[in-house]
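**Student:** Here it is, the structure in full.
The values are calculated or read from the model by the stated rules, or taken from the named source; none is laboratory data. Just so you know, these numbers come straight off a predicted model, no measurement behind them. Cβ atoms come from the backbone with ideal geometry, glycine included; neighbour counts cover every protein chain shown.
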Amino acid sequence: MKRRELLRHLGAGLLACSVCSALRIGSARASGGGVHWGYSGDAGPDHWGQLESDYATCASGTQQSPVNIVGAVPTSIGELEIDYRVTELKILNNGHTVQVNYDTGSTLAVRGSAYQVQQFHFHTPSEHTVDGKHSSMELHIVHQDTGNNYAVLGVLMDEGAENKALRPVWSAMPFKETGEKTINGVWVNIADALPAARGYYEYEGSLTTPPCSQSVRWMVLTAPITVSTQQIATFKRAFPMNARPVQPLNSRTIFLQKA
Ligand SMILES: [Zn+2]
């Protein structure tokens, strides 16, 4: 079920938003699955739950992401054991974000669970806020375990020094919607973009895009990384705004594992 939802989640991006908005088929089912959704207007986040029945959780779910991180409870839930490998750059623009697909073999282990990296992608501004404050961007590294449970590692990206580890991704950035393209001979390891300090916030949340599936284990690093003004501007050429607003925390607790 969850794998099907992920495929639908990814497949939804295959629909060209510019095309569907031009044709005004905002609630029509596209060939290949999924309906048009976006970040503003009639197909924006306030309407995702009504766009189609499979997206109902976006409106009815009580464990939605992103959230404002405040009042995190210090705990000792365990360090992140990150073992990411290099992957030949396979990049796409799915109409909602710029995404890099990852080869198998890169893992994140935490508290006895092991997850495989599937892909990473970006949002601007950040989706999570800390004490109500957005960062300029946010990196999401999406993982799955063998039971098809998701874990997403979020990394806040503040405006500052250029992020050299992201240069190859930015150099290949597809500004228009397009399928996966392999950049032969270019290898990336997203671990190179992570901060040295690996303290993190953890809570139970959801995908931040339709179908907003829940039971996603979220970990957001407490230490931000930086991206230059120019790098932010380059990403905004592809996506001026692709962040879902923060959702009610409801009865959830946000935990803090210090570095
Ligand atoms: Zn994301």
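**Student:** With the requirement that a residue be within 16 Å of the ligand (Cβ to nearest atom) and touching a helix residue (DSSP H, G or I) at 6+ places or on another chain (Cβ under 7 Å), what does segment 184-203 give you?
**Tutor:** Once the filter is applied, which keeps residues that are within 16 Å of the ligand (Cβ to nearest atom) and touching a helix residue (DSSP H, G or I) at 6+ places or on another chain (Cβ under 7 Å), segment 184-203 yields only A193.
**Student:** Among the residues of segment 204-213, which ones are within 15 Å of the ligand (Cβ to nearest atom) and either more than 14 Å from the chain's Cα centre (by Cα) or part of a loop (DSSP other than H, G, I, E, B) (or both)? Even if it seems obvious, please write down each step before you answer.
**Tutor:** Going through segment 204-213, the residues within 15 Å of the ligand (Cβ to nearest atom) turn out to be 205-213.
Residues satisfying the conditions are L207, T208, T209, P210, P211, C212, S213.
**Student:** If you don't mind, another one. Could you identify the single residue in G95, G49, G38 that is on the phi < 0 side of the Ramachandran plot, modelled with pLDDT of 95 or more and within 16 Å of the ligand (Cβ to nearest atom)?
**Tutor:** G38
**Student:** Another one. So, of the residues in segment 76-105 that are free of Cβ contacts under 8 Å to residues at least 40 places away in the same chain and in a loop (DSSP other than H, G, I, E, B), which turns out to be nearest to K176 (Cα to Cα)?
**Tutor:** D103
**Student:** Okay, moving on. Can you pull out the residues in segment 106-139 that are assigned to a strand (DSSP E or B), out of contact with any Ser or Thr (no Cβ under 7 Å at 6 or more places or on another chain), more than 14 Å from N189 (Cα to Cα) and modelled with pLDDT of 95 or more? Steps first, answer last, please.
**Tutor:** Step one: of segment 106-139, the residues assigned to a strand (DSSP E or B) are 107-110, 113-123, 129-130, 133, 137-139.
Keeping just the survivors that are out of contact with any Ser or Thr (no Cβ under 7 Å at 6 or more places or on another chain) gives 107-110, 113, 118-120, 129-130, 133, 139.
Next cut, more than 14 Å from N189 (Cα to Cα) only: 109-110, 113, 129-130, 133.
Listed by number, the residues that qualify are A109, T129, V130, K133.
The rows are residues; the columns are (1) surrounded by 20 or more Cβ atoms within 10 Å (Cβ to Cβ); (2) at pLDDT 95 or above; (3) touching a Leu at 6+ places or on another chain (Cβ under 9 Å); (4) at positive phi.
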residue: M157; (1), (2), (3), (4): yes, yes, yes, no
residue: A161; (1), (2), (3), (4): no, yes, no, no
residue: P174; (1), (2), (3), (4): no, yes, yes, no
residue: E177; (1), (2), (3), (4): no, yes, yes, no
residue: N184; (1), (2), (3), (4): no, yes, yes, no
residue: A191; (1), (2), (3), (4): no, yes, no, no
residue: Y203; (1), (2), (3), (4): yes, yes, yes, no
residue: Q231; (1), (2), (3), (4): yes, yes, yes, no
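**Student:** With the requirement that a residue be closer than 13 Å to S126 by Cβ, part of a strand (DSSP E or B) and within 14 Å of the ligand (Cβ to nearest atom), what does segment 219-253 give you?
**Tutor:** Matches in segment 219-253: V220 only.
**Student:** Go through (1) in contact with a strand residue (DSSP E or B) (Cβ under 8 Å, 6 or more places away or on another chain); (2) closer than 24 Å to V130 by Cα; (3) more than 16 Å from the ligand (Cβ to nearest atom) and name the single condition A59 misses.
**Tutor:** A59 satisfies every listed condition except (1).
**Student:** Scan segment 149-173 residue by residue and report those that are over 17 Å from the mean Cα position of the chain (by Cα) and either in contact (Cβ under 8 Å) with a residue 40 or more places away in the chain or assigned to a strand (DSSP E or B) (or both).
**Tutor:** The initial filter retains those residues of segment 149-173 that are over 17 Å from the mean Cα position of the chain (by Cα), namely 159-165, 167-168, 171-172.
Matches in segment 149-173: E159, G160, A161, E162, N163, P168, A172.
**Student:** Also, I was wondering about something else. Return yes when T146 is closer than 20 Å to N93 by Cα, more than 16 Å from the chain's Cα centre (by Cα), away from the ligand (no atom under 16 Å from the Cβ) and not aromatic (F, W, Y) and no when it is not. Can you show your working first?
**Tutor:** Working: closer than 20 Å to N93 by Cα: no; more than 16 Å from the chain's Cα centre (by Cα): yes; away from the ligand (no atom under 16 Å from the Cβ): yes; not aromatic (F, W, Y): yes.
Taking the combined requirement at face value, the residue does not satisfy it.
**Student:** Filter segment 215-225 down to residues that are buried (at least 17 other Cβ atoms within 10 Å of the Cβ) and more than 19 Å from H96 (Cβ to Cβ), then give me how many there are. Walk me through it before giving the result.
**Tutor:** As a first pass, look at segment 215-225 and keep what is buried (at least 17 other Cβ atoms within 10 Å of the Cβ): 216-222, 224-225.
Checking the rest, the ones that are also more than 19 Å from H96 (Cβ to Cβ) come to 217, 219-222, 224-225.
Adding up the residues that qualify gives 7.
**Student:** Mind listing just one residue for me: the one in segment 149-183 that is touching a strand residue (DSSP E or B) at 6+ places or on another chain (Cβ under 6 Å) and under 17 Å from A109 (Cβ atoms) and, of those, farthest from the ligand (Cβ to nearest atom)?
**Tutor:** A151
**Student:** Looking at the structure I just gave you, is G49 outside any loop (DSSP other than H, G, I, E, B) and farther than 30 Å from G185 by Cα? If you could, list the steps in order and put the result at the bottom.
**Tutor:** Values: outside any loop (DSSP other than H, G, I, E, B): yes; farther than 30 Å from G185 by Cα: yes.
Yes; evaluated as a whole, the condition is true for this residue.
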